[in-house]
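Taking it in order: structure first as structure tokens, then the write-up.
The values are calculated or read from the model by the stated rules, or taken from the named source; none is laboratory data. These numbers were taken from a predicted model, which means no experiment stands behind them. Heads up, the Cβs are rebuilt from the backbone with ideal geometry, glycines too, and the neighbour counts pull from every protein chain shown. Areas reflect the complete protein model, heavy atoms only, side chains present, ligands, DNA and RNA absent. Shrake-Rupley method; radii C 1.70, N 1.55, O 1.52, S 1.80 Å.
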Amino acid sequence: MENRLGLFLVLLSVTCFCEANNTCYVPDTKKSYVTSLAINMALSVGPCVPPDPRVLLALNLGQFKVPTAQEILIEQLKNDAVDKVSKNLSFTSGKVALYVLALRSSCVDPSDISVQKGSINLVQLLENKTREELHAFENGPSPNGFVKTTWYQVGLDLLGLCTMSSPYAISAARIVANQATPEVCGFVDTAAVVAMGLVCVLGMENVPEKTITEVRTALSGLLDLILEHQKDGLIGNAYSTGLAGQALLAAEKDFLISWDCSGTIQKVLDLIPKKTFSLPIAAAQVLPFLWGTSYVSVKHLPCPEDDAHFISVGYTIVNDLSEEQFHYPIIVAVKEGSTLLQVMQKAAELDPNKFSFESQNSTWGVYITAINHLAGSTNDKTYWQFLSDNAPLDVGVSSYIPKKNEHIIAVFSKY
């Protein structure tokens, strides 16, 4: 394993393109754009690369299975959090909130982070830091008061606390609702993050009626601010559109929103081939919106037991015989116990332009006749040979069961 994810492309075992409503979803013809964007984002992960919790959060919100990337990020975030606290390094409230959201989305309890270097309760830390942010307003309205950092970070704090059902989220939401006005928030991305935090609190239990009224009033103003910045499909600019889209999707269940969601999705899709979202952070903010989800959804992400039984399998197709030679690698995540045929099917599903194949049933099982539109020929004495560790497989693709991190190579060969 190199300092990235290996020599192969990392792909995903599950791609969830959720339809937010009847018109707000990625068309089938453009889903490959979203997959490519996610692949590039996942490739930014590596043991020697500083961890970005937003990348892990985006992967999990899309229900992507990239075991290597997710395992690396989880361990990096846990160790980094303990390191920052033990060494009294800079750890802003918003960054703590993102760590909480990312780890919770991975079914890791942020209130009990234990690594070799020590242990930490990130939820308690987030509560303390959020109180510091809102200290100027704890005793009532303060027209001259300021948060410690920014309202953007406070919005993330609210999301993190709400996701973990912290009682302080309700008190904090009331302060935020009365202080984080559209004029104070100003920017679309700030308004979007604060709005998502308030939407999350609306879904909590035991929220006082007065707080609900105040939160709904504040939300109306923030949503209006976001919608006022629509232009040519974007909301604000290309980089704020993902967060704005997330906020609007999250608020749709509680508010009647006049928004051309399909137009926004189309504009974002048009920008993907132009490398607008090539940076991991840009991809991480827009991908949840393209999947019809938002940071608010973290609270309700399931943690099925069988998630732990996905494995990564490398698969490469090689043709050095014909004129149009190719060498295409991929890594897919499949359930442990899957056959090589299922690995091939997953690869073909995620990247049909390269990994589509044709097969025939025989008394010996499934026989692969063509891969990537290149078929074997009895006249030319060519066929597709499958190898593992340079040794030919002794059973067919419908019977062979790859192991974790095994690398299977399909080579166009002569006999």
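Observations on the model:
- Relative contact order (%) - criterion: Cα under 8 Å, at least six apart; region: the stretch 157-274: 27 percent
- Spin-label model distance (nm) - N390 vs E71, 7 Å beyond Cα toward Cβ: 2.5 nm
- The stretch 115-256 - convex hull of the alpha-carbon atoms, volume per residue in Å³: 127 Å³
- Under a 5 Å amide H cut-off, with hydrogens placed 1.01 Å from N, I408 pairs with G314, Y315, T316 among residues at least 5 apart or on other chains.
- Sites F187 and N353, calculated FRET efficiency, Cβ-Cβ separation with R0 41 Å, nearest 0.05: 0.55
- With θ taken as phi - 60° and the Karplus curve 6.51 cos²θ - 1.76 cosθ + 1.60 applied, the whole-hertz 3J(HN,Hα) list for the stretch 215-220 is 5, 5, 5, 5, 4, 4 Hz, x standing for glycine and proline.
- Integer Hz, Karplus 6.51/-1.76/1.60 couplings in order for the stretch 334-340, x for Gly and Pro: 9, 5, 4, x, 5, 7, 4
- Mean projected area of the convex hull spanned by the Cα atoms of the stretch 22-75, taken over all viewing directions: 4.2 nm².
- Taking the square roots of five times each eigenvalue of the Cα gyration tensor of the chain, the equivalent ellipsoid has semi-axes of 46, 24, 17 Å, listed largest first.
- For the stretch 175-283: rounded, prolate or oblate by the Cα gyration tensor [a/c cutoff 1.5]: prolate
- Protein accessible area in the stretch 85-243, 1.4 Å probe - carbon and sulfur %: 49 percent
- Calculated FRET efficiency for the pair L321/N121, C-beta based, R₀ 56 Å, to 0.05: 0.40
- Exposed GluC sites (Glu not before Pro) absent: longest stretch of the chain, with sites in DSSP loops and at most 12 other Cβ within 10 Å deemed exposed: 20-137
- Highest-fluctuation residue, G376, G94, G62 considered, GNM on the chain with Cα pairs under 10 Å: G376
- Selection of chymotrypsin sites (Phe, Trp or Tyr not before Pro), the stretch 100-189, meeting DSSP coil and at most 15 other Cβ within 10 Å: F146
- For trypsin sites (Lys or Arg not before Pro), the sites in the stretch 41-141 that DSSP calls loop and that have at most 10 other Cβ atoms within 10 Å are K87.
- FRET E, pair S278, T363, Förster distance 56 Å, beta-carbon r, rounded to 0.05: 0.65
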